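First comes the structure, then the notes that go with it.
What follows is calculated from the coordinates using simple rules that are stated; it is not laboratory data. Only a predicted model underlies this, so the values are computations on that prediction, with no experimental measurement involved. Cβ placement follows ideal geometry from the backbone for every residue including glycine, while neighbour counts extend to all protein chains displayed.
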């Protein structure tokens with residue numbers, strides 16, 4: 001069971017402060033007693049949309065979905081004013097399908113009101129009329145709890161027409177996704193929301209100008225939006241002060257693999273990977289040693305044990321040669337085959353390719369077949385060179401979206417860091433761990 005309330009001061013863990021020991025969310029009445037929707041009431045009582053956007057810019061909030069783009073800057077690309085196209089849309093990316101990532105599930109199931117408060121704030125900032133929560137279909141409990149929260153809010157006049165008599169209106173809809181990994185890409189998500197095949201769109205135009213149904217659209221991640229009420233309540237300087245690095249705020253970090261206590265922990269942004277693994281995840285299971293980690297979900301480069309003192313933030317992890325991504329680490333131990341681990345990831349990515357562009361559609365299955373043959377002891381001379389060519393050919397800028405380039409990150413770094421293991425598979429005609 002993950003540990004959420006590891007710090008005594010709830011002001012230092014705002015995202016999980018209202019998470020209850022049994023995981024059940026607070027009712028609207030209890031949520032408001034605990035400070036919920038205070039930011040919305042203050043915003044509607046005297047802040048302009050520009051004021052909200054500037055507050056978020058000043059806070060340094062960066063998107064928590066993986067890319068880490070500054071949230072306020074993203075909003076600023078939306079056309080504003082009386083002559084802007086209408087309606088405008090806010091879309092919540094709750095289609096959490098990155099392997100090893102389960103942080104948004106915690107927030108959706110345990111505190112849905114925090115998310116919806118963030119939705120109201122973001123929609124007000126961009127003057128959106130309609131919001132959609134695009135939810136992963138397998139998140140059945142989250143769906144149930146979001147429906148309950150939205151019904152409470154409609155009854156209380158906190159969503160819908162003329163919110164709290166302010167003259168502002170926002171319709172919030174819950175859309176349960178049929179599910180594909182590609183829906184994590186914002187334009188593919190928009191296509192799916194329109195009832196189309198979930199393929200990414202060519203950019204430009206960008207969704208901020210021409211998105212859902214051809215209108216201005218912002219797509220934000222669940223964890224990103226959950227930060228907004230706290231930024232409005234406490235200020236930009238407070239938010240920046242939560243972090244150990246210039247990347248502001250806290251972060252919900254996670255760890256999976258053969259550690260003693262896999263789970264999630266809200267910690268200051270920039271907490272070192274070693275501290276997360278040893279203090280919170282409890283270190284490796286008995287008899288096992290840590291060999292490497294994938295720091296931010298499946299589509300990030302491996303980091304070795306010697307690199308674990310790196311602060312886990314967007315900039316520093318990038319300098320170390322990987323990406324923080326979602327901040328949810330997958331741990332590789334010394335008794336697990338790295339070739340088998342990479343093969344498992346490539347099998348997932350090949351299955352989840354939407355097939356829209358040739359490099360991804362043809363390249364990922366070819367990579368998976370080569371790795372599967374190596375695991376069976378059927379590897380051939382030249383396989384590693386073939387894999388390396390795919391790492392280059394499926395790189396960023398050569399495919400329609402970032403799915404295939406992301407898939408190449410664990411493969412490319414695995415070929416560099418664990419080359420002896422790959423070569424042994426070919427030389428010995430078997431997997432040494434089988």
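When ranked by the protection proxy of mean other Cβ atoms within 10 Å per residue, highest first, what sequence do the peptides 123-134, 34-45 form?
Values: 123-134: 22.6, 34-45: 17.6.
Highest to lowest by the protection proxy: 123-134, 34-45.
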Using alpha carbon centroids, what distance separates the stretch 351-389 and the stretch 25-69, in Å? 45 Å
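Show that you can apply the helix-only estimate: for the chain, add -39,500 (n - 2.57) for every DSSP H stretch of four or more residues, divide by all residues, and state [θ] at 222 nm to the nearest 500. Could the numbers behind the result be given before it?
Details: 17 runs with 172 residues, N = 434.
Estimated from H runs of four or more residues: -11500 deg cm²/dmol.
Where the eigenvalues come from the Cα gyration tensor of the stretch 21-240, what are the semi-axes √(5λ) of the equivalent ellipsoid, largest first, in whole Å?
Details: eigenvalues 109, 94, 57 Å².
Working from the Cα gyration tensor, I get semi-axes of 23, 22, 17 Å.
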Packing rank of 277-289, 398-410, where each peptide gets the mean count of other beta carbons within 10 Å, highest leading: 398-410, 277-289
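Remind me, relative contact order of the stretch 21-240 in percent, using alpha carbon pairs under 8 angstrom and six or more residues apart? Write down the numbers at each step before the final one.
Working: 389 pairs, mean separation 66.8, N = 220.
Once divided by the residue count of the stretch 21-240, the mean separation gives 30 percent.
Which whole-number percent is the relative contact order of the chain (Cα, under 8 Å, 6+ apart)? If you can, show how the numbers build up before the last one.
On the way: 863 pairs, mean separation 68.7, N = 434.
Computed value for the chain: 16 percent relative contact order.
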What are the extents of the Cα atoms of the stretch 202-318 along their three principal axes, listed from largest to smallest and rounded to whole Å? 56, 37, 22
Relative contact order, percent, of the stretch 242-333 when contacts are C-alpha pairs under 8 Å separated by at least 6 residues? 32 percent
Order of 153-162, 244-253 by packing, highest average Cβ count within 10 Å first? 244-253, 153-162
Row for the stretch 87-158, column shape: gyration tensor on C-alpha, a ≥ b ≥ c, rounded if a/c < 1.5 i.e. under 1.5, prolate if a/b over b/c, else oblate; value oblate
